[in-house]
Every structure is written in C-alpha cells, then in structure tokens.
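The values are calculated or read from the model by the stated rules, or taken from the named source; none is laboratory data. Just so you know, these numbers come straight off a predicted model, no measurement behind them. Backbone-built Cβ (ideal geometry, glycine too); neighbour counts: all protein chains shown.
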Amino acid sequence: MNLLNVAIQNAGYEKDEPVIHDIHFSVSKGELIGLIGPNGAGKSTTIKTILGLLDHKAGEISFYNEASYSYIPERPIFYDELTLWEHLDFIAAVENRDDQAYKAKAEELLISYKLLEHAHEFPGKYSKGMQQKAMLILAMITEPDVYIIDEPFIGLDPNAMKLFLTSIEAERERGAAILMSTHVLDTAEKVCDRFLIIHQGELQAAGTLSEIRIQCQLPEGSLYDCFHTIAEGDAIE
Amino acid sequence: MNSWSIFLKRLRKNSNYQFRVFRSVADWTVVIYILLPAALIAIFNYYSWWMEAPKWIEGIPFFLIFSLMYAMIWAGNLRTYVEEADKVFLIRQKPLFMNMKKWAYGYTIVHEAVGLLISFLLLLPMLLYHYQLYWLDIILLLLFLLSLKSFILLIKYHLRKIEHRWKKLALQSLVFLILGVYSILIFQIWQSNLLIPVIALSCLTFMLSIIFSLKALLTHASIEHEIAIHHEERTKNIDRIFMMAQEIGKPRISNRKKPLFWKKSKRIFRNRTPVNGFAELFIKAFIRNHTYWLSYTQIISVCTAAIVIIPPLWIKVLMFFIFLIWLHSWLVNVWDQIYYANLQVKKYVERDDYYIARTRAVRSFMVLGIILLTFFVTIGLSIFAMMQFVDIQSGLREML
C-alpha cells in the first residue's frame, strides 16, 4: 500500500524558475527510501514540495487516506521559549492523544535517548547531538504513518546513530513509510530498501541497489560508485 | 596590511552596516517629513536655550541631572571589533591581532568621550546660565564622568563573563550602587570646590582603567567573549527595530537553560484540548520572551501617556480606538510569528482549532491590555488633576 505518492512536474522558489522537474515516486507501508544526490541537486526542494512549503509547484502530492506524517529537518528547529517536555505536550494536545498513553510513550523515548533529565530544559540550548535526538523524539511521539527525514545523521554520535537506526527499524516494522535524504551513502546502502538519485533537479535513477546498478551500468558498483557516476555527469542511457 | 588598516576597515564596515540599518527604517519620506523637521525644531529650541533657559529646567535640581548622567554612562560596551573568523585566521598573527584590539580600545574611549562631550554641549546653556557653573567646573565634571565611564566599561566587560544570570544581575546592581555612592562623594567634593581631589581621583581611575582594560584585552582567552560583545553591539540597533516592529523578524530570546515560570513544564490548562494546546504554547512563548511583553507594555504605556497628556476629549477617545486597533493587530502578528517560525507545526495551522485558539488568546490579552490601560490612565489623570488643583491653589494664594 502506497502511503505517499509524489508526482511533481516542476517546483521552485520563484515563479517560472523551477528547480526540480519530473520527480515521480511513491513510498509504501514499511518501506525505507533513500533520497540521495550531490549538494544543490534538489533533495531539500523535493522535501519542501512534499511538505507544501513551496508556492510554485505543478503536480500532485498525496498521502493515502489522510495518513499522518512527521518531518525531521536537517537543522533542528524548536520553540525557543518551550522546554522539550512542553513541545511533546503541545504535540499531544493538538493531536488529541490520550494523556496517559502519550506520557508513557514520551518517557520511554526520553529514557531511550537519554534526555529524561533534560526534559524540562529549553532544547534550543542543547548540544547539536542532543537537539538531533530531541527532534527524533518529537517526530516519533505521534507514531506517524510517514516520516520525512532530512539528513538525520549529522551531529549524531555513533551510539545515537545506532539508536536512531534501531528506532527507524522499529517504526518500519510498525508499518511506517520513511523517506530519508542523506549523504551517508554506506549507511543508506545498508538500511534503505530503495533509492532515488536526484541530480540537477531531476530523478536520474530509482529503484533497489541492483536496479540502480543496471541503470548506471555498474554491475558490481556500490551505491557510492553509482552516485559518483551520476554526480560526475556520466550519462545514463 | 597593518593593524591600523585592519581596524579601520572593520570600523568602516560597521559604520556602513549601521547606516544601512538606519536607511532600512528611514527612507527619504521619513527623512524629509519627520527627521528633517524634527532636527530643525531641535536646533531652533537649542538656540532658544542660549537666549533663555527653558521653563522645565527650573524645577530640576542639578543633582538630578548628575544622577541621569551617571545612569547614562552605564550604556555601551568595551569594543574590540573581533570577528568570528579571527579565531581561525587573525589569531595566528599575534602582534597584528593585539594591536588591532588596542586601536579598537582607543577608539572606544574616544567614541565615549565624544558622546559625553555632545551631551555636555547640549546641556551647556543650562549649565552655564541656569546652574551658573564655571567652565572649570564643567570640564572637571566631564573628566570625572569620562574616567568613571572607562572604569564601568572594564567592569561590564568582566561582568558579562558571568554565566549565572542572577549572580550577574546581583553583582551588577551592587557595582552600580557602590559606584553611585562613589559618584555622590565626588559630587559633594566637586560642589565644595575641592578641585584637586577630583582631578587626582579622576586621573587615577582613568589610568587604572586603561591599564587593566589593556591587560584584559591583550589575551586570546577572551576571544569568544569579545566576539559575543561585537555581535551584540553590531546588531543592537536591529534588535531595537525588532522590538518596535514585530513583523520584521524574530526577536531575541534569553540565555536561560530552564524556564523561570512554569518550571518542570507545568501545564497552564488542565483540560488538554487542541485549542488549549495552541493557546498554552502562545502564552508561554509570550511570557518567557521579554521582547514580546516589553513591546506589549510599551504599547500600553505610550497610549496611556497620550490619553493622559493630550487635552481634548475627542483625541483621548480617538487614542483609545487607535490603541484597540494597534494592540489587536500587534497581538495577531505575534501569534502568527510564533507559529509560522516552526516548519513542523505548519501542518496544524490550517485547522479550525488554531483559529479558535488565536481568537481566544488575542481576546484575553486585549482584555488584560484594556484593564491595564484603564488603571494607568485613571492614575495618570488623577495625578494630573491633583497638579492642576495645587496650581490653582497657589495661584489663588498669590492673588490674595
């Protein structure tokens, strides 16, 4: 079952100046898709288009049966005036969550990510790694159907990275669909089911690693080799 | 490239930056229709002070002017013009870096001296004709205030390093009081025409301030601290604009790690509904961010002053309606600013609950604003009426 369908004809920040073109894909239940590409390729623009943050867009983005989603941005964003617990409390209130169930889930996540003792502090004052963990907790608290994650590994220490991957795996098993933009290709190669390689605002290759290898004409190549071939402009016929 | 040219380049860059900030607020219409007439009126008024002292100065004792000057010299910071990139590049060239900081310190002192001189020039007609001070008295006072200013800059430089908010505030208040007592002492010596002790103490303070300031500045250890001061000084005019016009951008927040109010993330509303969730976020953000409530109190105080001072009743009524429209549009603006600043909650802002909560929160803050305005206007008008009563009584006494 496809939880997210993306059919972007074009999108951009200015009228008549599209940055991305013809990007079509879908994310199914329990699937983890890696959105990869060099800097300036259009990954963040694709994510912003999915989130409805761009005014100039042609195409359609649809979530299956009003599926809920959580977005984890590359740079953590918080309310400077709210503690982490108050962020969780706010989300639970506006999402109409059961109070006891949400509190139990929040505590469980805070303990797992070792942030329980910092829950009543302003997350804007946390270290970079702690902020990243706080963002993950805020995304997971609502148990969304779809995750849209932008560069999750930046600022995470190895333990937090392991914890993140374990949490993501658990969410997949629950049935969540995940779209993850990343530059950490070796990790992406291990955890993602499929890949979308974007270059110069267009989808250059898509599919499983085997399918990507065929498209890049690199039968034994790693994800990095395929990425490099596309990024360096070697034509894909 | 030498240290002087580096400093000069940074000074020029900073001046251009401040000019651009000024131009962003004062376009040609503001300059022609507001600033130019205001400047002409000010010049005319100042010229008239040389002919005859203004009436308002009559009831003001000179000690009050001196106290205001003392309070004023607490403004400003010791500038070094150290930038973030210096941590990587200029820091390796120690003589160049240190000399640049020396120039910056010298400039700070000259800048502050010019500022004081301008204040004295503005007050000069009153000092000479109303308070009948001699030139030597005025120069001595200027010297004393400049020496004290240089000392305060040094003290503030060190006080800023204190991380703990309350400790810093307590120490700053203590130093303010101690130096206030010291200033009163000097003031009394100055009034007694004991000029030598004033000159000696001022020169000693000035020399010690320069020695210890240079000692504090000529080290790498405070680079982060100096970058923070430079950044704060550079953007202080922008911060002032942000405070006045909320639509321009996100205001500055405090350095606290934990909240002062609703510690342990205590809830405001027991009943957890989406509407209460939206409202609670707004209330907490509003109360915990001083720029929001300062602007709120500013709107109330400006309108209170206008209603109390401007005499015709119809203007008072008009001012009240202007107050209602101003406060309402400002509150709606702040609400939207708080919510639109965060991309993650953008998915919630199209809901009915969001708009219901906004209406309720804005209405509550409006009611509070009206109550406060009514309270202060009542007090203001009562004081005004009492003053008029005293005036009439004294007039009658004079007639009799």
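Residues that are closer than 16 Å to A:Glu143 by Cβ and under 23 Å from the mean Cα position of the chain (by Cα) were ranked within the stretch A:90-101; the one that is surrounded by the fewest Cβ atoms within 10 Å (Cβ to Cβ) is A:Glu95.
Per-residue answers, yes or no, for (1) in contact with a strand residue (DSSP E or B) (Cβ under 7 Å, 6 or more places away or on another chain); (2) within 27 Å of B:Tyr340 (Cβ to Cβ); (3) charged (D, E, K, R):
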| residue | (1), (2), (3) |
| --- | --- |
| A:Glu14 | yes, yes, yes |
| A:Pro18 | yes, yes, no |
| A:Leu35 | yes, yes, no |
| A:Pro38 | yes, no, no |
| A:Ala58 | yes, yes, no |
| A:Ile61 | yes, yes, no |
| A:Tyr79 | no, yes, no |
| A:Asp89 | no, yes, yes |
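Listed here are the helices (runs of 4 or more DSSP H) enclosed by the stretch B:130-236 that have at least 2 residues being at pLDDT below 90 and farther than 19 Å from B:Glu112 by Cβ: B:165-191. Scanning the stretch A:3-18 for residues that are part of a strand (DSSP E or B) and at pLDDT 85 or above gives A:Leu3, A:Leu4, A:Asn5, A:Val6, A:Ala7, A:Ile8, A:Gln9, A:Asn10, A:Ala11, A:Gly12.
Restricting attention to the stretch B:339-360, the residues being within 14 Å of chain A (Cβ to nearest Cβ) and part of a helix (DSSP H, G or I) number 15.
Taken as a whole, the stretch B:266-277 holds no residue that is in a helix (DSSP H, G or I), farther than 17 Å from B:Val349 by Cα, more than 7 Å from chain A (Cβ to nearest Cβ) and at pLDDT 85 or above.
Filtering the stretch A:24-50 to residues that are within 14 Å of another protein chain (Cβ to nearest Cβ) and of a type in the set (Lys, Arg) leaves only A:Lys48.
For the stretch B:313-332, the criterion of a residue being in the same structural domain as B:Ile370 (by TED's automatic domain parsing), under 24 Å from the mean Cα position of the chain (by Cα) and either farther than 17 Å from B:Val367 by Cα or acidic (Asp, Glu) (or both) is satisfied by no position. Taken over the stretch A:116-128, the criterion of being buried (at least 17 other Cβ atoms within 10 Å of the Cβ) and in contact with a helix residue (DSSP H, G or I) (Cβ under 6 Å, 6 or more places away or on another chain) is satisfied by A:Ala119, A:His120, A:Pro123. Every listed requirement among (1) closer than 30 Å to B:Trp49 by Cα; (2) in contact (Cβ under 8 Å) with a residue 12 or more places away in the chain is met by B:Ile118 save one, (2).
Residues checked against (1) without any contact (Cβ under 8 Å) to a residue 40 or more places away in the chain; (2) out of contact with any Gly (no Cβ under 7 Å at 6 or more places or on another chain); (3) farther than 30 Å from B:His220 by Cβ:
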site	(1), (2), (3)
B:Lys13	yes, yes, no
B:Ala42	yes, yes, yes
B:Tyr47	yes, yes, yes
B:Trp56	yes, yes, yes
B:Ala71	yes, yes, yes
B:Gly76	no, yes, no
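Taken over the stretch A:51-79, the residue count meeting the criterion of being surrounded by fewer than 21 Cβ atoms within 10 Å (Cβ to Cβ), facing chain B (nearest Cβ under 8 Å), over 26 Å from A:Met1 (Cβ atoms) and not hydrophobic (A, V, I, L, M, F, W, C) is 1. Within the stretch B:87-139, the set of residues being on the phi > 0 side of the Ramachandran plot and surrounded by 15 or more Cβ atoms within 10 Å (Cβ to Cβ) is empty.
Residues of the stretch B:287-298 that are of a type outside the set (Ser, Thr, Tyr) and buried (at least 19 other Cβ atoms within 10 Å of the Cβ): B:Arg288, B:Asn289. Checking A:Ala170, A:Ala104 one by one, the residue that is in the same structural domain as A:Gly30 (by TED's automatic domain parsing) and surrounded by fewer than 21 Cβ atoms within 10 Å (Cβ to Cβ) is A:Ala170 and no other. Selection over the stretch B:1-36 of residues that are assigned to a helix (DSSP H, G or I), surrounded by fewer than 11 Cβ atoms within 10 Å (Cβ to Cβ) and of a type outside the set (A, V, I, L, M, F, W, C) gives a count of 6. Exactly one residue out of A:Glu169, A:Glu108 is under 30 Å from A:Thr229 (Cα atoms), part of a helix (DSSP H, G or I) and either modelled with pLDDT of 90 or more or away from chain B (no Cβ under 14 Å) (or both), and it is A:Glu169. Just so you know, in the stretch A:182-212 the residues that are of a type in the set (Gly, Ala, Ser) and in a helix (DSSP H, G or I) include one that is nearest to A:Pro152 (Cα to Cα), and it is A:Ala188.
When each of B:Glu52, B:Glu84, B:Glu58 is tested for being exposed (fewer than 14 other Cβ atoms within 10 Å of the Cβ) and under 30 Å from B:Leu179 (Cβ atoms), the lone residue that passes is B:Glu58. Restricting A:Ile8, A:Ile47 to residues that are assigned by TED's automatic domain parsing to the domain that holds A:Glu151, β-branched (Val, Ile, Thr) and in contact with a Lys or Arg (Cβ under 8 Å, 6 or more places away or on another chain) narrows the list to A:Ile8. The number of residues in the stretch A:196-217 that are crowded, with 16+ Cβ neighbours inside 10 Å and either of a type in the set (D, E, K, R) or in contact with a Ser or Thr (Cβ under 8 Å, 6 or more places away or on another chain) (or both) comes to 4.
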